[in-house]
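One structure below.
The values are calculated or read from the model by the stated rules, or taken from the named source; none is laboratory data. This structure is a prediction, so every number in the text was calculated from the model and none was measured. We place every Cβ from the backbone using ideal geometry, glycine too, and count neighbours over all the protein chains shown.
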Amino acid sequence: MFDSQFVGLDLERFPSELATRPHGRAYESPGRGTADALISALMGRLLRITWWTTVVVTIVLALIGFLHLTRGTVVRHVAGMVTDGVPVAVGDCQFPSSVTMLTGAEMGPGNRVEVTLNGDGTYSRLWDDLRSARHTITVQMYYGQPGRMAMTLTGVLRERAEAGVRVFVLYDAFGTAHIPSADRAALQAAGIAVQPFRPIRLSTLHLAQHRSHVRGIVIDGRIGWTGGFGIDDKWFGDGHTRGSWRETNVRFEGPAVRQLQAAFIAAWVEATGVLTITRAAIVPLDHGVTASGLLYASPTLGSTVAERFFALSIAAARKTLYLTNAYFAPDDNFVELLAAAARRGVDVRVLTGGSRTDVQVVRLAGRASYEKLLDAGVRLYEWQPSTLHAKTFVIDGKWSTIGSMNFDNRSLALNDEATLMVLDPTLGRRMEEIFLDDLHDATEITADQFHRRSWVERLAERAAHLITPLL
């Protein structure tokens with residue numbers, strides 16, 4: 001039996017052949033080559049699947065990021081919930097409660113409000129208020145540049161800190177990027193708490209576009225300042241000559257100061273992780289405006305407080321709507337809201353920046369909406385003497401706002417903003433006087449004139465309009 005199994009086998013070669021087989025195996029499995037090929041094919045397919053999955057996930061994440069960066073307003077129409085569907089008017093007794101319901105900002109009496117114009121009407125009064133501080137000063141500022149104004153503010157804050165006043169400074173990391181670090185160190189050396197807001201880092205890139213555009217100063221929890229002002233020498237002056245910026249700010253006392261203080265605290269805890277509690281108990285003051293409240297708006301998903309505020313205000317107009325805004329680049333929804341107001345008989349007028357604006361692309365984007373607005377009956381004006389930077393409106397001579405909100409997507413959907421809302425006929429008349437006086441230094445844009453602009457201008461406007469969500 002043994003012999004028959006090895007017939008024809010060279011027994012002398014067998015041991016050497018056996019020795020050369022891996023691991024001493026005399027025979028290799030007949031399917032080994034096929035298995036290797038199958039494994040290789042599977043690995044190649046797995047690599048291709050991994051590659052394309054990575055590509056798809058990257059594209060999806062990029063798309064999500066792009067849509068997040070360019071998200072706009074969602075309010076397209078305003079309607080009342082009662083039978084006739086007409087929105088509440090500025091003159092209705094329910095209007096203040098409607099504002100509170102839609103924005104969360106309480107409207108109440110007991111606030112004294114003073115409008116200040118340009119650098120000449122603002123900074124000397126602001127320095128005096130700061131020097132009067134006995135307990136606390138909080139400063140929240142978007143924009144700053146080195147210069148005389150920065151040196152003055154630094155000196156006032158250091159003097160107050162050395163006198164025992166607790167001073168807190170929160171600066172936007174983007175808007176104050178040119179302030180030297182030595183200046184901030186000098187404030188800290190004086191015992192002042194100084195913090196950047198949303199510094200641009202790899203770990204916080206998802207917040208990079210959400211800037212704190214707020215201007216808010218609170219002295220002893222009793223005096224508040226907001227508006228469009230910054231810390232830069234270009235805000236000095238009369239707003240008309242020598243490169244001085246045209247600005248509108250507001251000083252106020254009363255319960256609304258707590259709301260501005262709350263806005264600072266919300267930003268401070270984000271920047272530092274420390275929730276600071278104040279003990280200020282502000283009572284309503286005599287001889288104040290009818291009703292007022294400080295609106296603090298921050299970005300969110302869906303409709304934002306800022307867009308609900310603007311949409312409600314436009315829909316509440318019955319007679320006049322005078323809007324002054326440095327950066328007027330509304331999206332299609334707000335163009336239609338303004339046009340609809342004009343079509344129902346409201347005298348809608350818009351004053352915005354002219355050729356001296358500091359951000360030309362915003363002006364171009366805004367001009368892309370001029371034809372539709374003009375055709376609807378909106379009157380448009382461009383400020384001529386200098387750079388316009390004010391952000392205000394007055395509606396029906398009663399409902400006014402002064403603050404940091406631009407009429408663009410960045411302020412309505414992306415930035416933190418603050419504005420003082422005031423319902424009062426006396427202040428309303430003052431705001432109308434300011435607006436109508438400004439028109440003397442503005443050029444009205446007529447439909448005939450605008451329709452004759454060159455194709456180059458039209459092309460630039462359309463191109464700028466494409467990036468309106470980023471402006």
Can you name the residue in the range 331-352 that is touching a strand residue (DSSP E or B) at 6+ places or on another chain (Cβ under 8 Å) and either surrounded by fewer than 17 Cβ atoms within 10 Å (Cβ to Cβ) or assigned to a helix (DSSP H, G or I) (or both) and is also modelled with the lowest pLDDT among such residues?
334
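Check 421, 405 and return the single one that is among the aliphatic types (A, V, I, L, M) and part of a loop (DSSP other than H, G, I, E, B).
Result of the check over 421, 405: 405.
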Restricting to the range 269-309, give me the number of residues that are more than 30 Å from residue 334 (Cα to Cα) and part of a loop (DSSP other than H, G, I, E, B).
16
Residue in the range 174-186 that is buried (at least 18 other Cβ atoms within 10 Å of the Cβ), among the aliphatic types (A, V, I, L, M) and within 27 Å of residue 259 (Cα to Cα) present:
no
Please go through the range 264-319 and pick out each residue that is of a type in the set (S, T, N, Q) and touching a Phe, Trp or Tyr at 6+ places or on another chain (Cβ under 8 Å).
276, 292, 313
So which of 176, 152, 241, 226 ends up being closer than 26 Å to residue 386 by Cα and in a strand (DSSP E or B)?
226
Could you run through the range 88-129 and say how many residues are surrounded by 13 or more Cβ atoms within 10 Å (Cβ to Cβ) and either farther than 24 Å from residue 289 by Cα or over 28 Å from the mean Cα position of the chain (by Cα) (or both)?
7
Confirm whether residue 426 is surrounded by fewer than 24 Cβ atoms within 10 Å (Cβ to Cβ), more than 24 Å from the chain's Cα centre (by Cα), of a type in the set (Ser, Thr, Tyr) and not in a helix (DSSP H, G or I).
no
Got at least one residue in the range 50-72 being assigned to a loop (DSSP other than H, G, I, E, B), surrounded by fewer than 20 Cβ atoms within 10 Å (Cβ to Cβ), at pLDDT 80 or above and not aromatic (Phe, Trp, Tyr)?
no
Inspect the range 254-267 for any residue being touching a Pro at 6+ places or on another chain (Cβ under 8 Å) and crowded, with 19+ Cβ neighbours inside 10 Å and give the result as yes or no.
yes
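Which residues, counting only those in the range 281-310, are surrounded by fewer than 14 Cβ atoms within 10 Å (Cβ to Cβ) and either more than 17 Å from residue 414 (Cβ to Cβ) or among the small types (Gly, Ala, Ser) (or both)?
281, 283, 284, 286, 287, 302
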The residue from 386, 355, 411, 400 that alone is buried (at least 19 other Cβ atoms within 10 Å of the Cβ), hydroxyl-bearing (Ser, Thr, Tyr) and assigned to a loop (DSSP other than H, G, I, E, B) is 386
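Could you please let me know if residue 251 is assigned to a strand (DSSP E or B) and basic (Lys, Arg)? Quick ask: steps written out before the conclusion?
On the way: assigned to a strand (DSSP E or B): yes; basic (Lys, Arg): yes.
Yes; evaluated as a whole, the condition is true for this residue.
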